[in-house]
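Take a look at the structure set out below.
The values are calculated or read from the model by the stated rules, or taken from the named source; none is laboratory data. Note that the structure is a prediction, hence the values are computed from the model and not measured. Backbone-built Cβ (ideal geometry, glycine too); neighbour counts: all protein chains shown. Accessible surface areas use protein heavy atoms only, side chains included; no ligands, DNA or RNA. Shrake-Rupley method; radii C 1.70, N 1.55, O 1.52, S 1.80 Å.
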Amino acid sequence: MAVDDLNNGNFEVKIIRKTVVKAEGPYPETHIITLSNLDLLSGRFPITYIYFYRKIHNIHLTIEAFKSSLAQCLTHFYPFSGRIVQNQQSNEPEIICDNSGALVVEAKANIPLKEFNFYNLNEYLKGKLVSIDHDFPVQVQITHYECRSIAISFTFDHALGDATAFSKFLVTGCEIANGKPISCSPDHSRALRARVPPSYDPLLDNTFVSCTLDNIRTIPTISTLLKRLYHIPKSSIDMMQELACTNGAKRTKIESFSAYVWKIMGNAIDKKHKHCKMGWLVDGRTRIISNDHDNSMSNYIGNVLSVTFGESNVDHLKEGSIADIANVVHNAITKVTNEAHFRDLIDWIECHRPGLMLPKSVLGLDGPALVVSSGRRFPVAELDFGFGSPVLGTACSTIERLGVGYINQRESARGDGSWTVSAILWPEMVTALESDPNNVFQPMNSSLLQL
């Protein structure tokens with residue numbers, strides 16, 4: 001394939017090679033997988049995870065070994081080696097399992113990794129470290145730097161699955177690369193179907209709405225969106241949790257973090273708004289009882305996510321304590337951490353098919369809102385493809401239009417209890433976070449990564 005130069009300021013990336021990697025070994029006969037109802041709630045957004053690694057001794061051999069592991073991994077996750085197309089009769093996307101393959105892009109950067117701007121991701125994602133080709137639901141870009149360090153970005157079509165599904169894929173790839181037994185036997189059944197007849201709590205109409213792919217591509221964005229990466233030390237995480245628990249209630253780290261951020265948000269939205277919302281992604285795998293003999297959905301590959309929102313008066317956010325706000329957070333999340341909610345959501349989608357569905361807030365239809373996604377179980381230090389653990393791993397996005405702010409939290413690769421937080425926020429919110437006197441949100445840099 002063609003070679004390109006991608007220039008942007010002093011940071012340049014040259015595309016060296018593009019390769020299609022197909023599943024190696026037995027592959028099922030070509031067939032179609034119909035998406036589950038919860039897959040239709042994904043929005044078809046591209047989801048990217050990027051990992052940075054220290055010096056690699058032999059770049060060429062490393063890349064070839066990686067592609068070999070990827071080919072074997074695709075055999076186990078065979079839908080990831082297919083294509084996602086729009087069914088003209090149902091007007092819904094479906095997965096054609098035909099081993100079209102995953103796209104692997106090899107690239108070279110013109111700087112050493114320690115000179116990379118880890119904080120400001122606006123300039124360095126799409127067209128730099130992340131390649132987007134809509135013909136491939138799985139795309140990998142391997143970028144090597146002048147110091148022989150590398151960055152590997154994995155971009156998935158959200159219709160394939162959610163963070164839990166993608167983590168299974170990545171961990172399986174690492175196990176193969178290191179000659180270890182494979183710990184996941186993936187379930188590709190997409191078995192989450194509606195009840196007959198479907199029924200649901202009408203309150204779901206307040207949160208979700210039917211939409212088209214064109215609606216998603218033309219979302220009225222809230223503002224200029226800034227993509228930032230932060231480090232949060234363990235001492236700050238402990239401080240936030242202590243503040244959230246001052247009334248005697250036990251609050252999780254993510255509940256405490258959410259309350260702290262929401263209070264800051266109260267000072268970072270336009271004064272014309274009297275209320276604002278915060279949302280949370282909730283995985284339903286531990287809430288839904290499977291028909292399998294072990295009642296476990298842990299290896300289910302697909303989307304099993306819901307979104308719940310809490311709403312607060314802006315004055316309450318400004319004047320209330322972190323503990324008070326954490327109560328609102330806890331109550332909002334608790335509403336959906338049960339099987340009844342997920343069964344109702346599956347049925348709600350059934351009653352609104354055909355097409356895609358999204359939370360109204362994501363489409364910018366519900367006032368100021370910020371969604372928090374917890375990746376605390378997502379692998380970071382474990383992502384060793386045979387050349388060591390990464391110094392940094394994070395979720396990021398090439399999305400240009402979004403009706404909400406978005407924050408993703410995960411354990412850092414340091415193993416010291418600190419977090420890496422990626423954010424897509426409006427400028428006033430970025431300023432508010434970075435001017436917080438407790439210095440919780442520390443802009444990511446090479447010193448923090450000990451490069």
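What's the center-to-center distance, using Cα atoms, between the stretch 380-399 and the stretch 23-63 in Å?
Here the two parts' Cα centres lie 14 Å apart.
Could you tell me which of CYS396, HIS57, ALA191 has its Cα farthest along the dipole of the chain towards the positive end, charges placed at Cβ (Lys, Arg +1; Asp, Glu -1), taken about the Cα centre?
Checking the options against the dipole of the chain, the answer is HIS57.
Using alpha carbon centroids, what distance separates the stretch 189-222 and the stretch 313-327, in Å?
30 Å
Rounded to the nearest percent, how much of the accessible area of the stretch 184-227 (1.4 Å probe, protein heavy atoms only) is carbon and sulfur?
The C+S portion of the solvent-accessible surface of the stretch 184-227 is 56 percent.
Set the Förster radius R0 to 25 Å, insert the Cβ-Cβ distance between ASN438 and GLU382 as r into 1/(1 + (r/R0)^6), and round the FRET efficiency to 0.05.
E(calc), rounded to 0.05, equals 0.25.
Mind listing the phi-derived Karplus ³J(HN,Hα) values for the stretch 93-107, rounded to whole Hz, using 6.51, -1.76 and 1.60 with θ = phi - 60°, and x for any glycine or proline?
3J(HN,Hα) across the stretch 93-107, in whole Hz: x, 8, 9, 9, 8, 10, 6, 5, x, 9, 8, 10, 10, 9, 9.
For VAL209, what residues show an amide H to amide H distance below 5 Å, using hydrogens built from the backbone and excluding near sequence neighbours?
For VAL209, the qualifying residues are LEU358, LYS360.
Suppose R0 equals 60 Å. What FRET efficiency, 1/(1 + (r/R0)^6) with r the Cβ-Cβ distance, do LYS271 and ASN110 give to the nearest 0.05?
E(calc), rounded to 0.05, equals 0.85.
Using unit Cβ charges (K, R positive; D, E negative) and no other charged atoms, how large, in debye to the nearest 20, is the dipole of the stretch 1-138 about its Cα centre?
540 debye
Roughly speaking, what is the stretch gain from HIS57 to GLU319, that is 0.36 nm per residue apart minus the C-alpha to C-alpha distance, in nm to one decimal?
Extra length available between HIS57 and GLU319 comes to 88.8 nm.
Taking the alpha-carbon centroid of each part, what is the distance from the stretch 417-439 to the stretch 80-134 in angstrom?
Each part reduced to its Cα centre gives a spacing of 27 Å.
Rounded to the nearest 10 Å², what accessible area does GLU146 have for a 1.4 Å probe in the complete protein model?
In the full protein context, GLU146 sits at about 110 Å².
Give me the accessible area of CYS396, 1.4 Å probe, in Å² rounded to the nearest 10.
20 Å²
Which FRET efficiency value, to the nearest 0.05, is calculated for ILE96 and ARG195 with the Förster distance at 30 angstrom and r the Cβ-Cβ distance?
For ILE96 and ARG195, the calculated efficiency is 0.60.
Using a basic spin-label model with each label point 7 Å from the Cα along Cα→Cβ, how many nm lie between ASN331 and GLU428?
Going from the ASN331 label point to the GLU428 one covers 2.6 nm.
To the nearest 10 square angstrom, how much accessible area does ASP384 have with a 1.4 angstrom probe?
For ASP384, the solvent-accessible surface is approximately 40 Å².
Karplus couplings for the stretch 275-285 from phi (6.51 cos²θ - 1.76 cosθ + 1.60, θ = phi - 60°), rounded to Hz, Gly and Pro as x?
9, 8, 10, 10, x, 9, 7, 10, 7, x, 4
Taking the Cα centre of the stretch 259-347 as the origin, how large is its charge dipole in debye, to the nearest 20, when only Lys and Arg (+1) and Asp and Glu (-1) carry charge on their Cβ atoms?
420 debye
Starting from the 7 Å offset along Cα-to-Cβ, what nm value, one decimal, do you get for the label separation of GLU29 and SER296?
Simple spin-label model gives 3.2 nm for this pair.
Quick check: residue separation of LEU203 and ASN87 times 0.36 nm, minus the Cα distance between them. What number comes out in nm?
The LEU203-ASN87 span can extend by a further 38.7 nm.
Report, by chain and number, residues whose modeled amide H sits under 5 Å from the one on ILE16, excluding near sequence neighbours (fewer than 5 apart, same chain).
Those qualifying (amide H under 5 Å, at least 5 residues apart or on another chain) are GLU106, ALA107, LYS108.
Counting heavy atoms of the protein chains only and a 1.4 Å probe, report the per residue accessible area for the stretch 18-137 as a whole number of Å².
Value returned for the stretch 18-137: 42 Å² of accessible area per residue.
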